[in-house]
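Worksheet: one structure, shown below.
The values are calculated or read from the model by the stated rules, or taken from the named source; none is laboratory data. Only a predicted model underlies this, so the values are computations on that prediction, with no experimental measurement involved. Note: ideal-geometry Cβ built from the backbone for every residue, glycine included; neighbour counts use all protein chains shown. We work out accessible area using only protein heavy atoms, side chains counted, and drop any ligands, DNA or RNA first. Shrake-Rupley method; radii C 1.70, N 1.55, O 1.52, S 1.80 Å.
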Amino acid sequence: MSITKRVFFATFIAWINRFIAIGGNLLLIPLYFSTLSQEETGIWFLLSNSQGLLEVLGFGIAPTLTRRIALAKGKNGEHLDVDFSKESRHEIGNLIVTGRIMLVIVAIISLFASLLIGTLFISRLNLTEVPINEVKLSWLFLCIGFASSVWLDYQYSLLSGLGYVGLSNAANTFINTLLMVVNALVVLAGGGLIELAFTAMLTRISQRFIIYIYITSKKPYLLKFKGKWDWGLAKRLSKISILCWFTFLGKLLLVRTDQYFIALSIGADKIPAYQATYQLVSNLSVLASSVIKPSRIFISQLWQAGRIDKVHSMVFKNSLLGLLIMSCGASFLLSSGRELISLWLGNENFLGYSVLTVLCILFMLEVQGSSLILSARAIGREDFAISSISAGITNLILTYFLVDRLGILGVPVATAIAVFCTTTWFAFYRGLNNLKISFKEYFTKVTLLGITVFSFGLLIELVAGKMSALLFENQSSLSNIVLSILIAISIFIISAWFFLLDENNRKSITSNILRSVQ
C-alpha cells in the first residue's frame, strides 16, 4: 500500500471515529440531561473530561516512543513492508523493551498521583445532590482504567510507529462506539456516576488487550523485534518525553481546565450548558485535527528518508484541509447556533453568540497552531514546551480573574487571549522555520484562504437565512439548520475542489464520475 493510500486510510478511519463520537454525543448529551440531575450531569462531564488531564501523568513517553520507532523505521524507507536492517531491528527492539518498562513504572505512579490529586479536588466541591463518596469511587474506577491503558501503551506505539496508523485508529473506533452504546444502556437502565465510571474502566482495560490479541493473531511478526533494557536509551527517551510532557501539559491547561473554574466559581450545575456548546465547536477542531494526526508518522518517515518536498506538500494540504473544516463549521455555528442548541437541548441552554464566537475564534487559532506544532514535532523537534506551558499558565491566571468579571464568557475569552499571545505566533515562527517553509508561502496558501472561506461562508449563510425568513414566514428551526448545513458543505466541497486538489486529481475524479454515470 502506498503512503498516500495509508494516509487516506488512516484519515478515513479517524473521521469515521470522530463522526461516530459526534453522533454519539449528540444523542448521549440530551440523554444525560433528561435522565441524570443537572448536578450529576455536570460531575460526570467533569470526571470524564479529567481523563484528558490524567494523560499528563503519562509523562509523554508513549508519543515519544511512537516517534522514535517511526524514525527508526524511516531509515529503511517510506514503504510499509520494507526489509529492516539488522541495526534497525535491534534499535526498534530496544525501544519496545525499554519503553514498555518505563510505561509500567509510569502507570503505577499515575495511579496513585491521580487518586491523590483528584480526591483533594473532589473534597472541595460544594455538592447538594450527589454524595461525595460516590464521586470519589467513580474517580477511583476512572484512574484504574487510565493506569492500565498507560501500562500497555507500547502496543499502540509499535503499531503506529511502524505505519499501521489505520489499524490503531480502527481499534479505537470500535471500542469508542461500544462504550457509547453501553453508556446509553447504563443511563437508560437507571445507572449513575458509579456505573458510568465502571464501564469506562472496563473499556480502557479491554481496549489494550484486544489490540494485543489482534497483534498476536494477525501480525505476530511485530512481536519478534528482539531487544533489551538500555539505560542510555531510557535517559534519551526521558529527556525528549519531558519536553513532550510540558507541551502536552500546557495544552491541557488551556482546553481542559474550564470545568474546574466553572465548578468552583459558578457551580457544577452550570457545566452541562457550557460543555454542550464547547463540544459543538471542539468537535469541529477534533475533526480537523484527525486529518493531521495520522500523518505525523508518515511525516517522520518521509523526513528521515530525505523527502522534504513530500513533507511540505503534506503539511500544506493537512493544514488547509483542517482550516477549511473549521472555517465552514464555524460559519454554520455562528449563523444557526441558537436554533441548533435550542432544538437539541432547549432554549435555556443557549449561552449566547458571544460565547460561541469566542470559542470559534479560539479553535480556529488552535487548529492552525496544532497543525504546525504536530508537523514540526514529527520530525523530532520538541521546541514548543516553553510556549505551551506559558499558554497554560497564562490561561489559568486570566480565567481566575475574568470568570468573576465576565461570568461564563470569561472562560473562553481567557483561553483565546492566552493562545493568541503564546502558542499561535510561536507555532508560525518556530514551526515553519523547523519545517523549512516560508511564512509568506504558508500564509498565502493556507491562512488567508481559510479566513476568506470563513468570511464568505458566514456572509452567504446569514443572507440566505434572512431571505429564507422573508420568503417563508413559518419556516421551522430545523429547516434553517438544514439550509445552513447544506450551504456550509457546498462551500467546503467547492473550496476543497479548487484549493486542495491539483489538476490531475480533478481530472481523475471527473473521469471516474463520468465513467460511473455512463
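Computed values, structure above
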item	result
Residue check for residue 407: of a type outside the set (Lys, Arg) and out of contact with any Phe, Trp or Tyr (no Cβ under 7 Å at 6 or more places or on another chain)	yes
Residues of region 343-373 satisfying the condition of being open to solvent by 20 Å² or more (accessible area, probe 1.4 Å), in contact with a Ser or Thr (Cβ under 7 Å, 6 or more places away or on another chain), more than 21 Å from residue 318 (Cβ to Cβ) and not in a loop (DSSP other than H, G, I, E, B)	343
Qualifying residue in region 305-324 (condition: free of Cβ contacts under 8 Å to residues at least 24 places away in the same chain and either of a type in the set (Val, Ile, Thr) or closer than 29 Å to residue 420 by Cβ (or both))	yes
Pair list, Cβ under 8 Å, 6 or more apart: region 245-265 residue farther than 17 Å from residue 412 by Cβ, other residue open to solvent by 30 Å² or more (accessible area, probe 1.4 Å) and among the acidic types (Asp, Glu)	248/55
Count of region 249-266 residues which are within 20 Å of the chain's Cα centre (by Cα) and open to solvent by 70 Å² or more (accessible area, probe 1.4 Å)	2
Number of the condition not met by residue 458 [criteria: (1) more than 30 Å from residue 399 (Cβ to Cβ); (2) in a helix (DSSP H, G or I); (3) touching a residue at least 60 places away in the same chain (Cβ under 8 Å); (4) open to solvent by 10 Å² or more (accessible area, probe 1.4 Å)]	(1)
Residue pairs meeting the criteria (Cβ under 7 Å; at least 6 apart or on separate chains; first closer than 12 Å to residue 323 by Cβ, in region 434-447; second in a helix (DSSP H, G or I))	442/432; 445/316; 445/320; 446/316; 446/319; 446/320; 446/323; 447/368
Condition check for residue 302: open to solvent by less than 10 Å² (accessible area, probe 1.4 Å), part of a helix (DSSP H, G or I), modelled with pLDDT under 80 and not β-branched (Val, Ile, Thr)	yes
